[in-house]
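Q: Encoded as structure tokens, here's the structure I'll be asking about.
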Amino acid sequence: MAAHRSGPLKQQNKAHKGGRHRGRGSAQRDGKGRVELKILCKKVRKELSRVDQRHRANQLRKQKKEAVLAEKRQLGSKDGPPHQVLVVALHNRISLSEAFRLLQDRDMGTVHLNEWGSTYSFMLLCPRLKHRWFFTSARPGDLHSVLDMAKVADTILFLLDPQEGWDSTGDYCLSCLFAQGLPTYTLAVQGFSGIPLKKQIDARKKLSKAVEKRFPDDRLLLLDTQQEAATLLRQLANQKRRHLAFRDRRAYLFTHAADFVPSEENKLVGTLKISGYVRGQTLNVNSLLHIVGHGDFQMKQIDAPIDPFPLNPKVIKSQKDSGMAMEVCASDVASDMEEDLKVLMKADPDRQESLQTEVIPDPMEGEQTWPTEEELSEAKDYLKEGSKVVKKVPKGTSSYQAEWILDEGGESGGERDEDDDTEQDFMEEESQDEKSEEEEEEEECETMTIGDSVRDDLYDEKMDEEAEEKMLEKYKQERMEEMFPDEMDTPRDVAAKIRFQKYRGLKSFRTSPWDPKENLPRDYARIFQFQNFTNTRKRIFKEIEEKEDEGAEVGWYVTLHVSEVPFSVVEYFRKGAPLIAFSLLPHEQKMSVLNMVVSRNPGNTEPVKAKEELIFHCGFRRFRASPLFSQHTAADKHKLQRFLTADAALVVTVYAPITFPPASVLLFKQKSNGMHSLVATGHLLSVDPDRMVIKRVVLSGHPFKIFTKMAVVRYMFFNREDVLWFKPVELRTKWGRRGHIREPLGTHGHMKCSFDGKLKSQDTVLMNLYKRVFPKWTYDPYVPEPVPWVKSEISSTVPELDME
């Protein structure tokens with residue numbers, strides 16, 4: 001009997017594939033005797049077993065947990081810097097003196113009050129908790145001091161009102177602090193015991209609901225008794241740390257004491273000695289030092305005096321009675337041990353960073369030769385030959401009639417639309433009548449008189465009429481920019497080819513090429529530029545993490561000798577203002593072009609024009625400059641914005657020293673009365689001089705005679721030469737048509753234009769011209785002190801900041 005054989009139509013099933021989940025035997029069969037590598041190279045990663053992976057994850061988790069605990073234990077310990085707490089009152093009913101009295105608990109430890117300035121600050125040493133705190137607050141009404149002290153504070157203690165939480169002033173202060181970046185913070189309520197017991201539960205619920213807008217998941221602590229103050233101190237010592245990126249990679253110092261030694265040549269400049277605790281990173285004497293609000297300086301040497309606030313004071317036993325002991329604070333014997341002062345480091349001139357901020361330009365660099373007369377005449381002949389066009393026309397056609405015949409052979413005839421002309425004339429007459437009526441009404445309003453009132457006279461005395469007129473003009477310009485963006489009237493007294501000689505036409509704003517090194521201003525010869533800014537930033541940050549720098553370690557109490565410092569810095573400190581110093585990373589003293597992404601502050605509605613002087617808080621720096629505003633896009637060209645708009649984020653471009661991101665940005669504007677108003681907030685985008693900001697100008701014309709695809713346009717230019725000059729530039733209309741200038745008609749600026757479709761009589765012909773613009777060099781590291789806020793100014797854009 002013959003065996004059965006399957007035919008050609010038998011179903012063929014696919015073989016089973018084990019995939020990734022195959023057994024050990026199949027893996028050995030596929031290996032066919034191959035041996036694993038003995039040495040691991042970079043491209044081959046060692047595959048750990050599941051048990052080893054779990055063990056490795058546990059080790060990494062344990063290491064991170066230990067690092068967090070070590071950081072928390074070091075802050076405020078005997079080997080670390082004191083735990084600096086900034087106390088901020090968010091309501092005018094909050095009493096800072098009462099809060100400081102509760103925190104100065106003699107039972108908890110030793111209290112040392114400060115002896116400089118008019119601000120509240122004290123040091124609390126608590127050996128029982130093995131912790132030391134430094135409590136401080138800003139001067140009443142000085143917002144910049146609050147922001148500067150928040151940059152170096154380890155914790156911010158917000159004091160809330162039990163009924164309202166915070167007022168308009170506190171809300172404004174919170175907006176600025178949130179935009180700059182909050183470190184670790186704690187919320188405490190003062191005066192809650194003054195509320196009746198029956199209403200305390202409802203008051204707590206109401207306050208928690210109000211606080212949720214800013215602080216959604218935070219706990220409210222009370223500060224009315226000594227026991228509640230002790231609980232607050234424990235909370236401050238044990239809570240989780242929050243980091244600010246711009247200060248974690250730099251060494252910084254809050255000044256506790258300052259002394260000035262004038263130089264022999266000039267008494268107004270000398271050596272500034274500032275003492276404080278090193279924080280952040282190791283401080284090297286060869287690096288540069290930035291004093292916030294005053295500029296960059298070099299250091300001569302770093303001394304290591306005795307810590308004036310030790311957690312465990314030294315005990316000196318008497319020779320007569322060994323049982324008697326006496327505690328001596330280091331601050332009491334510091335004067336006796338000045339001879340034994342230890343010098344940590346002295347600056348090495350070969351390794352010290354230079355203070356050079358600008359490049360000294362060479363006037364002969366980039367010199368170009370002017371073309372000869374023969375080359376100019378050849379260029380003119382070439383343009384004339386290229387402008388001649390050969391057309392096929394019927395016999396007997398004149399040259400003037402031939403110009404109206406389209407290249408495609410289509411008909412271009414047509415009659416003038418009389419209805420459109422009459423409609424245009426009617427609209428013009430109506431607008432003239434409205435203008436005359438408005439002028440008559442304005443004249444009548446000027447001649448009217450209102451009854452005298454003492455209250456009105458007092459109000460008028462405080463009003464600055466010149467400032468009101470300027471603000472009204474700005475509002476008008478901003479409104480016109482919204483209605484007619486970038487439109488400009490062609491001047492009649494100056495030729496358009498002279499007025500707009502620096503502008504050019506572009507086929508496409510997005511895709512047309514534009515060389516970023518073309519026609520750079522003289523200021524660009526003074527700045528520095530990175531070949532690759534991103535790689536340089538990564539390399540510097542990597543060196544900070546891996547390289548162990550020599551110098552003053554974190555937590556040491558040191559005295560810095562800063563050279564060539566003006567005497568005004570010491571006066572600023574003696575008035576009670578905080579003196580804060582940051583060490584600079586490599587290249588951060590050099591000038592370049594900074595680009596920052598900002599958004600308009602909703603509380604500010606006044607128009608802010610480009611190139612107005614503004615006050616910047618960029619990371620740890622504070623300076624004045626005149627910025628440009630441009631659109632935030634991913635293209636290579638970015639259109640200039642003449643005003644700071646509220647509907648979208650813009651990029652601010654300004655000349656300023658190099659700062660490595662991340663860094664927060666706050667923009668303030670100084671008012672006529674000396675007060676500072678928050679305008680915008682954002683972050684640092686890049687340091688890139690090649691980012692092109694393009695200014696657009698739109699010239700408009702009106703169709704005078706309309707044919708099938710051609711029209712006579714007037715009022716765009718007013719002479720024949722301008723029409724010929726701008727003939728290569730493409731035209732567009734508000735209704736989406738595109739076209740070109742064919743030829744000028746007459747000598748008054750009328751021109752014949754062809755379009756890709758028929759125009760409407762109410763359409764407007766536009767011509768876009770572009771020019772690259774650059775910011776103004778007005779950088780100034782010195783920012784004048786703002787006028788303190790008073791209660792009469794609460795209704796203005798900048799509210800009152802009453803810290804008492």
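The values are calculated or read from the model by the stated rules, or taken from the named source; none is laboratory data. All of these numbers come straight from a predicted model, not from anything done at the bench. Backbone-built Cβ (ideal geometry, glycine too); neighbour counts: all protein chains shown. To get the accessible areas, we keep the full protein, side chains included, count just its heavy atoms, and leave off ligands, DNA and RNA. Shrake-Rupley method; radii C 1.70, N 1.55, O 1.52, S 1.80 Å.
Q: Please enumerate the residues belonging to segment 202-226 that are assigned to a loop (DSSP other than H, G, I, E, B) and within 33 Å of the chain's Cα centre (by Cα).
A: Passing the criteria: Glu212, Lys213, Arg214, Phe215, Pro216, Asp217, Asp218, Arg219.
Q: Okay, next question. Within segment 196-240, track down each residue that is of a type in the set (A, V, I, L, M) and open to solvent by 70 Å² or more (accessible area, probe 1.4 Å).
A: Leu197, Ile201
Q: Under the condition of being assigned to a helix (DSSP H, G or I) and among the aromatic types (Phe, Trp, Tyr), which residue from segment 532-566 is nearest to the chain's Cα centre (by Cα)?
A: Among residues in segment 532-566 that are assigned to a helix (DSSP H, G or I) and among the aromatic types (Phe, Trp, Tyr), the one nearest to the chain's Cα centre (by Cα) is Phe533.
Q: For the list (1) farther than 30 Å from Asp167 by Cα; (2) in contact with a His (Cβ under 9 Å, 6 or more places away or on another chain), I need the number of the one condition that Asn114 fails.
A: Answer for Asn114: the failing condition is (1).
Q: Out of all the residues in segment 270-303, which are farther than 17 Å from Phe260 by Cα, outside any strand (DSSP E or B) and not polar (S, T, N, Q)?
A: Within segment 270-303, Gly280, Val285, Leu288, Val292, Gly293 qualify.
Q: Could you go through segment 567-584 and let me know if any residue there is polar (S, T, N, Q) and assigned to a loop (DSSP other than H, G, I, E, B).
A: no
Q: If you don't mind, there's one more thing I want to ask. Looking at segment 95-107, can you tell me whether even one residue there is farther than 30 Å from Glu164 by Cα, loosely packed, with under 15 Cβ neighbours inside 10 Å and not β-branched (Val, Ile, Thr)?
A: The answer is yes; a qualifying residue exists.
Q: Moving to a separate point now. Here are Glu548, Glu612: which of them is touching a Ser or Thr at 6+ places or on another chain (Cβ under 7 Å) and either open to solvent by 60 Å² or more (accessible area, probe 1.4 Å) or free of Cβ contacts under 8 Å to residues at least 60 places away in the same chain (or both)?
A: Step by step, each of Glu548, Glu612 is checked, and only Glu612 is touching a Ser or Thr at 6+ places or on another chain (Cβ under 7 Å) and either open to solvent by 60 Å² or more (accessible area, probe 1.4 Å) or free of Cβ contacts under 8 Å to residues at least 60 places away in the same chain (or both).
Q: Here is a further query. So Thr764 passes all but one of these: (1) open to solvent by 40 Å² or more (accessible area, probe 1.4 Å); (2) within 14 Å of Gly701 (Cα to Cα); (3) in contact (Cβ under 8 Å) with a residue 60 or more places away in the chain. Which condition number does it fail?
A: Status for Thr764: all satisfied but (1).
Q: Something else now. Look at Ser193 and say whether it is farther than 26 Å from Arg128 by Cα, surrounded by fewer than 18 Cβ atoms within 10 Å (Cβ to Cβ) and modelled with pLDDT of 85 or more.
A: On the way: farther than 26 Å from Arg128 by Cα: yes; surrounded by fewer than 18 Cβ atoms within 10 Å (Cβ to Cβ): yes; modelled with pLDDT of 85 or more: no.
Here the answer is no, as Ser193 does not meet what is asked.
Q: If you go through segment 767-778, how many residues are within 22 Å of Trp514 (Cα to Cα), assigned to a strand (DSSP E or B) and of a type in the set (A, V, I, L, M, F, W, C)?
A: Counting residues in segment 767-778 that are within 22 Å of Trp514 (Cα to Cα), assigned to a strand (DSSP E or B) and of a type in the set (A, V, I, L, M, F, W, C) gives 3.
Q: Across segment 113-124, which residue is surrounded by the fewest Cβ atoms within 10 Å (Cβ to Cβ) among those that are modelled with pLDDT under 85 and over 34 Å from the mean Cα position of the chain (by Cα)?
A: The selected residue is Glu115.
Q: Hey, any hits in segment 668-679 for a residue that's at pLDDT 90 or above and either over 30 Å from Val598 (Cβ atoms) or touching a Pro at 6+ places or on another chain (Cβ under 7 Å) (or both)?
A: No; the residues of segment 668-679 include none that is at pLDDT 90 or above and either over 30 Å from Val598 (Cβ atoms) or touching a Pro at 6+ places or on another chain (Cβ under 7 Å) (or both).
One line per residue, one yes/no per condition, for (1) open to solvent by 40 Å² or more (accessible area, probe 1.4 Å); (2) without any contact (Cβ under 8 Å) to a residue 12 or more places away in the chain; (3) out of contact with any Ser or Thr (no Cβ under 8 Å at 6 or more places or on another chain):
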position	(1), (2), (3)
Leu685	yes, no, yes
Arg696	yes, no, yes
His702	yes, no, no
Tyr715	yes, no, no
Val723	no, no, yes
Lys727	yes, no, yes
Arg732	yes, no, yes
Arg738	yes, no, yes
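Q: Within segment 740-761, which residues are open to solvent by 20 Å² or more (accessible area, probe 1.4 Å), part of a strand (DSSP E or B), within 15 Å of Arg720 (Cβ to Cβ) and not aliphatic (A, V, I, L, M)? First the steps, then the outcome.
A: Going through segment 740-761, the residues open to solvent by 20 Å² or more (accessible area, probe 1.4 Å) turn out to be 740, 742-743, 745-748, 750, 756, 758, 760-761.
Now restrict to residues that are part of a strand (DSSP E or B): 740, 742-743, 745, 750.
With the extra rule that they be within 15 Å of Arg720 (Cβ to Cβ), the set shrinks to 742-743, 745, 750.
Result: Arg742, Glu743, His750.
Q: A further question on this structure: Residue by residue through segment 615-649, note down the ones that are part of a strand (DSSP E or B), under 17 Å from Val773 (Cα atoms) and open to solvent by less than 50 Å² (accessible area, probe 1.4 Å).
A: Matches in segment 615-649: Ala625, Ser626, Leu628, Phe629, Ser630, Lys637, His638, Lys639, Leu640, Gln641, Phe643.
Q: Now for a separate question. Given the conditions (1) open to solvent by less than 70 Å² (accessible area, probe 1.4 Å); (2) modelled with pLDDT of 85 or more; (3) not assigned by the TED database to the domain that holds Val211, report the number of the one that Gly18 does not fulfil.
A: The failed condition is (2).
Q: Just give me the residues in segment 495-530 being among the β-branched types (Val, Ile, Thr) and open to solvent by 60 Å² or more (accessible area, probe 1.4 Å), in sequence order.
A: Of segment 495-530, the ones among the β-branched types (Val, Ile, Thr) are 498, 511, 527.
The answer is Ile498, Thr511.
Q: Mind counting the residues in segment 261-289 that are hydrophobic (A, V, I, L, M, F, W, C) and more than 27 Å from Thr155 (Cβ to Cβ)?
A: Counting residues in segment 261-289 that are hydrophobic (A, V, I, L, M, F, W, C) and more than 27 Å from Thr155 (Cβ to Cβ) gives 6.
Q: Please work out which residue is nearest to His638 (Cα to Cα), limiting yourself to segment 585-614 and to residues that are in a loop (DSSP other than H, G, I, E, B) and among the aliphatic types (A, V, I, L, M).
A: Initially, segment 585-614 is screened for residues in a loop (DSSP other than H, G, I, E, B), giving 585-590, 601-608, 610-613.
Restricting the remaining residues to those that are among the aliphatic types (A, V, I, L, M) gives 585, 608, 610.
On the way: Leu585: 30, Val608: 19, Ala610: 15 Å.
It comes out as Ala610.
Q: Okay, next question. Whether any residue in segment 509-516 is basic (Lys, Arg) and over 30 Å from Val146 (Cα atoms) is what I want to check.
A: The answer is yes; a qualifying residue exists.
Q: Residues in segment 483-494: is at least one open to solvent by 50 Å² or more (accessible area, probe 1.4 Å), outside any loop (DSSP other than H, G, I, E, B) and in contact with a strand residue (DSSP E or B) (Cβ under 6 Å, 6 or more places away or on another chain)?
A: The answer is yes, given that some residue of segment 483-494 is open to solvent by 50 Å² or more (accessible area, probe 1.4 Å), outside any loop (DSSP other than H, G, I, E, B) and in contact with a strand residue (DSSP E or B) (Cβ under 6 Å, 6 or more places away or on another chain).
Q: Something else about it: Mind listing just one residue for me: the one in segment 352-373 that is open to solvent by less than 100 Å² (accessible area, probe 1.4 Å) and farther than 29 Å from Ser583 by Cβ and, of those, modelled with the highest pLDDT?
A: Ranking the candidates gives Pro361 first.
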